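Undergrad: I'd like to ask some things about the structure below.
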Amino acid sequence: MSSERPKLGPDIPKAITGWNSRTGRVIYLTADRNWSESLSEACVMTGDEAQEALRFASTDQVRVSDPYFMQVTQDGLISGRETLRETIRARGPTNHPMFGKQGGDL
Amino acid sequence: MYRYDEFDEGLVRQRARQFRGQVERRLAGELPEEHFKPLRLQNGVYLQLHAYMLRVAIPYGQLDGAKLRGLAEIADRYDKRYGHFTTRQNIQFNWIRLEDMPEVLDRLADFGMHAIQTSGNCIRNVTSDPFAGAGADEVEDPRPWCEIIRQWSTFHPEFSHLPRKFKIAVSGGGHDRAAIRVHDIGLDLKRNSEGEIGFEVICGGGLGRTPHVGVTVREWISKPDLLSYLEAIMRVYNRHGRRDNKYKARIKILVNELGEAGFRKLVEEEFAAQHESEKVVLPQTEINRIEAYFAPPVFDAALPTSEIFDAARKTDKSLDRWARHNVRPHKIPGYASILVSLKPLGAPPGDATSDQMRAIADIADRYAGGDIRVAHEQDLVLTHVRLDDVPSVFAALQAAGLATANGGLITDIIACPGLDYCNLANARSISVANSIQEAFSDPNLEDLIGRLHLNISGCINACGHHHVGHIGILGVDKKGEEFYQVLFGGRADERAAIGEIAGPGLRHEDIAPALKRVVERYLVLRSSPEETFIDTLERLGQAPFREALYGAS
């Protein structure tokens with residue numbers, strides 16, 4: 001069983017997220033094609049630029065596992081129908097404020 | 001309990017070494033995730049929302065003090081000082097780094113544990129009755145048979161690449177506390193007309209997106225023939241089970257498509273066609289060898305009642321209430337089994353901290369012969385406790401925050417980790433469970449309601465067994481918003497039934513008030529205080545409860 005994410009149209013602003021292959025931590029692709037654990041450093045993209053970045057991410061397997069598009073606003077805030085899921089990924093479980101990045105666990 | 005011999009230990013260590021190499025190749029970029037994923041899954045390693053998750057096998061839910069302390073050590077050294085007990089009697093760690101996994105598997109092997117058969121399309125960890133060997137109603141202890149099936153199925157070359165995962169549960173007869181009718185194969189120890197003990201074989205049960213209650217394919221099979229008969233079923237499934245669509249690949253779909261009679265015919269033909277030389281006929285000496293590991297402890301010649309316990313109940317109301325819900329009868333007079341609830345108000349159902357694990361290990365070693373079980377309800381069981389010792393056990397559990405008096409009650413909720421942790425979930429489960437616990441936190445109200453099983457899943461994969469809760473709750477995603485469907489009338493026992501969806505989903509914040517109305521309606525409608533929720537529901541049907549759920553007068 002695998003998790004399938006909704007398809008996003010080319011004009012929808014998006015970031016690329018995945019998991020640090022070594023630690024499993026949630027990470028985001030930055031403008032300089034590095035990976036950051038901070039959503040605020042995620043690169044916001046659309047169209048061909050986004051597709052090209054996802055191709056790059058998919059080959060960067062030593063650093064990232066299972067990269068995919070997540071919907072964001074132009075300002076890089078989480079949006080769309082997976083807002084709750086991505087907020088939980090970005091912050092941590094809602095039942096435990098000390099777990100995940102919300103607890104300073106970077 | 002069963003102790004690993006040199007063969008078992010060699011196998012587990014070999015697998016740990018093999019996985020170490022696979023992880024090294026993955027992290028060096030020599031193994032792409034696509035190829036690594038099935039390998040990590042075969043070792044119980046999932047990639048969840050926040051981190052890698054390791055599922056550790058607890059064969060048929062049996063632990064001892066040393067193993068539980070070992071798990072506590074894993075929680076302390078590699079995770080966040082807690083573990084999550086699952087509906088398949090395993091334990092999951094939610095925050096382990098991939099680079100630490102090889103060391104964790106090595107450490108698990110040190111105390112005779114592993115993650116084999118916890119994932120992948122193989123025969124999974126066999127589950128059983130957490131009261132096995134203690135229940136007064138059982139025909140025979142099912143654990144030796146769980147262990148025999150474990151040894152037969154582990155790395156079985158013919159059944160390592162099945163169409164889908166495969167789950168077997170074994171019950172000792174009597175009341176079904178292992179949910180055997182909603183497993184791919186359920187085995188129930190029973191006597192035939194000559195009084196000989198063998199197995200009823202039930203097949204094709206399961207939950208998930210296509211729930212089914214299993215059907216009896218064989219009324220009775222003898223012990224020596226059990227493995228051959230299981231092989232016949234597995235071969236039919238391997239040959240005819242669908243591999244083109246993972247949603248239709250479980251054996252329940254095959255049984256449903258062929259029909260009960262058609263499936264049985266194929267199995268019986270396969271069983272009859274087995275050549276004598278290929279049959280796995282268990283010699284009695286081997287059965288005896290395995291059974292010896294599960295010999296009952298030496299019980300004291302205790303009185304059937306305990307003055308110490310009775311006197312303590314009279315003076316301590318909290319002990320008395322806890323005893324009513326969490327102390328269960330034992331087949332030996334003067335003894336009891338104790339359900340240790342992992343469902344305190346406001347905590348994730350099934351979680352235990354490492355300190356609590358050590359406390360339970362100490363209590364088990366001192367008062368219960370070191371025998372600890374994991375229940376599919378995500379609670380723990382201390383199997384053999386002298387009635388005289390129950391007050392001391394209660395005090396020790398209280399000190400560890402483990403004396404929640406809600407065994408079998410509405411706040412003893414089964415819940416999957418849901419969207420807070422799981423990569424497949426559509427909605428949160430833990431927060432819904434906690435809101436329901438809060439709504440029913442008045443002990444007097446809980447006592448008034450009595451036995452009511454409430455199960456919650458955060459998606460259709462049904463790890464929280466929502467289909468078989470008296471009340472089931474399924475989290476769904478509706479255009480990006482969490483909604484929760486309510487099901488009525490499920491049950492996981494010998495009268496197993498799949499609950500029916502009551503109607504449209506409710507919002508997160510509306511679930512607890514809606515269930516409050518349902519329960520209030522039950523309290524009005526029941527024929528007597530002894531009539532449980534499920535009995536009233538079965539007598540009256542869904543309608544009055546559906547009305548209450550949606551707020552109709």
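Undergrad: How long are the semi-axes of the equivalent ellipsoid of the range B:370-486, defined as square roots of 5 times the Cα gyration tensor eigenvalues? Whole Å, largest first.
TA: So the equivalent ellipsoid measures 30, 16, 12 Å along its semi-axes.
Undergrad: Looking only at other chains, what is the average number of their beta-carbon atoms within 10 angstrom of each beta-carbon in A:18-30?
TA: Counting Cβ atoms of other protein chains within 10 Å of each residue's Cβ and averaging gives 5.
Undergrad: Above 21 Å lies some portion of the pair distances; for chain A, what is it as a whole percent of all C-alpha pairs?
TA: On the way: 1668 of 5565 pairs.
That fraction is 30 percent.
Undergrad: Seen from all sides and averaged, what is the projected area of the convex hull of the Cα atoms in the range B:152-199, in nm²? Display every interim value, and only then the final one.
TA: Numbers: hull surface 18.1 nm².
Over all viewing directions, the range B:152-199 projects a mean Cα-hull area of 4.5 nm².
Undergrad: Same structure, new question: Over the range B:60-105, what is the mean sequence separation of C-alpha contacts under 8 Å (at least six apart), divided by residue count, expressed as relative contact order in percent?
TA: Worked out over the range B:60-105, it gives 30 percent.
Undergrad: How many Å³ per residue does the convex hull of the Cα positions in the range B:138-266 occupy?
TA: It is 101 Å³ per residue.
Undergrad: Step through the residues of the range A:22-27 one at a time and calculate ³J(HN,Hα) from phi using the Karplus curve (6.51 cos²θ - 1.76 cosθ + 1.60, θ = phi - 60°), rounding each to whole Hz and writing x for Gly and Pro.
TA: 3J(HN,Hα) across the range A:22-27, in whole Hz: 7, 9, x, 5, 6, 9.
Undergrad: Over the range B:469-553, how many percent of alpha carbon pairs lie in each 5 Å bin up to the one with the longest distance?
TA: Here the calculated profile for the range B:469-553 is 3, 15, 25, 24, 18, 9, 4, 1, 0.
Undergrad: For the protein assembly as shown, give me the percentage of DSSP beta bridges that are antiparallel, rounded to the nearest 5 percent.
TA: 85 percent
Undergrad: How big is the equivalent ellipsoid of the range B:192-333 along its three axes, where each semi-axis is √(5λ) from the Cα gyration tensor, reported in whole Å from largest to smallest? Before the final figure, lay out each step's value.
TA: Details: eigenvalues 370, 118, 32 Å².
That gives 43, 24, 13 Å for the three semi-axes.
Undergrad: Compute and list, largest first, the equivalent-ellipsoid semi-axes of the range B:452-515 from the alpha carbon gyration tensor, each √(5λ) rounded to a whole angstrom.
TA: So the equivalent ellipsoid measures 20, 12, 9 Å along its semi-axes.
Undergrad: With a cap of 10 neighbouring Cβ atoms within 10 Å, and only residues DSSP puts in a loop, list the GluC sites (Glu not before Pro) found in the range B:492-553.
TA: Listed in order of number, the matching sites are B:Glu530.
Undergrad: Have a look at the DSSP beta bridges in the range B:386-528 and tell me what percent are antiparallel, nearest 5.
TA: 70 percent
Undergrad: Let me ask something else about it. So if I take the centroid of the Cα atoms in the range B:220-297 and the same for the range B:524-553, what is the distance between those two points in Å?
TA: 41 Å
Undergrad: Can you give the Kirkwood hydrodynamic radius of the range B:328-368 from its Cα pairs, in Å with one decimal?
TA: Taking every pair of different Cα atoms in the range B:328-368, averaging 1/r and inverting gives 11.9 Å.
Undergrad: For the ranges B:75-82, B:416-423, B:270-277, what's the packing order if you count other beta-carbon atoms within 10 Å of each residue, average per peptide, and put the highest first?
TA: Going by the mean number of other Cβ atoms within 10 Å, highest first, we get B:416-423, B:75-82, B:270-277.
Undergrad: OK, next. Could I get the Rg over Rh figure for the range B:256-304? Both from C-alpha atoms, Rh via Kirkwood, rounded to two places.
TA: Details: Rg = 20.2 Å, Rh = 15.1 Å.
Ratio value, two decimals: 1.33.
Undergrad: Also: Tell me which of B:Leu419, B:Gln378, B:Pro349 sits at the most positive position along the dipole axis of the range B:323-446, charges placed on C-beta atoms (Lys, Arg +1; Asp, Glu -1).
TA: B:Gln378
Undergrad: Could you estimate the translational diffusion coefficient of the range B:6-110 from the Stokes-Einstein equation, with Rh from the Kirkwood formula over C-alpha pairs, at 20 °C and 1.002 mPa s, in whole µm²/s?
TA: Approximately 151 µm²/s, per Stokes-Einstein.
Undergrad: Per residue, how big is the convex hull around the C-alpha atoms of chain B? Give it to me in cubic angstrom, could you?
TA: 159 Å³
Undergrad: Now a separate question. Just need log10 I(q)/I(0) for the range B:414-549 at q = 0.10, 0.11, 0.15, 0.19 Å⁻¹, Debye formula, equal scatterers on the alpha-carbon atoms, no solvent, rounded to two decimals.
TA: The calculated log intensity ratios at q = 0.10, 0.11, 0.15, 0.19 Å⁻¹ are -0.29, -0.35, -0.66, -1.06.
Undergrad: Right, next: How are the C-alpha pair distances of the range B:384-443 spread across 5 Å bins, as whole percents from the shortest bin up?
TA: Distribution as computed: 4, 16, 16, 17, 16, 14, 9, 6, 2, 0 percent.
Undergrad: Name the trypsin sites (Lys or Arg not before Pro) in the range B:462-535 that are in a loop by DSSP and that have at most 11 other C-beta atoms within 10 Å, would you?
TA: B:Lys479, B:Arg495
Undergrad: Compute the orientation-averaged projected area for the range B:307-399 from the convex hull of its Cα atoms and round it to one decimal in nm².
TA: 5.9 nm²
Undergrad: Per-residue mean of other chain beta-carbon atoms within 10 angstrom of the beta-carbon, peptide A:88-100?
TA: 6
Undergrad: Note down the relative contact order for chain B as a percent, whole number, built from C-alpha pairs under 8 angstrom at least six residues apart.
TA: About 13 percent, as a whole number.
Undergrad: A further question on this structure: Using the Karplus curve 6.51 cos²θ - 1.76 cosθ + 1.60 with θ = phi - 60°, work out ³J(HN,Hα) for each residue of the range B:390-404 in order, rounded to whole Hz, and write x for Gly and Pro.
TA: Once rounded to whole Hz, the list reads 4, x, 5, 5, 4, 4, 5, 5, 4, 4, 9, x, 10, 10, 5.
Undergrad: Under a Cβ-Cβ limit of 4.7 Å, which cysteines in chain B have nobody to pair with?
TA: B:Cys122, B:Cys146, B:Cys203, B:Cys422, B:Cys459 - these cysteines have no disulfide-compatible partner (Cβ-Cβ under 4.7 Å) in chain B.
Undergrad: If you don't mind, there's one more thing I want to ask. Dividing the convex hull volume of the Cα atoms of the range B:59-185 by its residue count, what figure in Å³ per residue is obtained?
TA: 120 Å³
Undergrad: Would you mind listing how long the protein assembly as shown runs along its three principal axes, going by Cα atoms, in whole Å with the largest first?
TA: Dimensions of the protein assembly as shown along the principal axes of its Cα atoms: 76, 66, 48 Å.
A short reminder: the numbers here are calculations on the coordinates, not readings from a lab. None of the values given here were measured: they were computed from a predicted structure. A quick note on method: Cβ atoms are made from the backbone with ideal geometry, for glycine too, and the neighbour counts reach across all protein chains shown.
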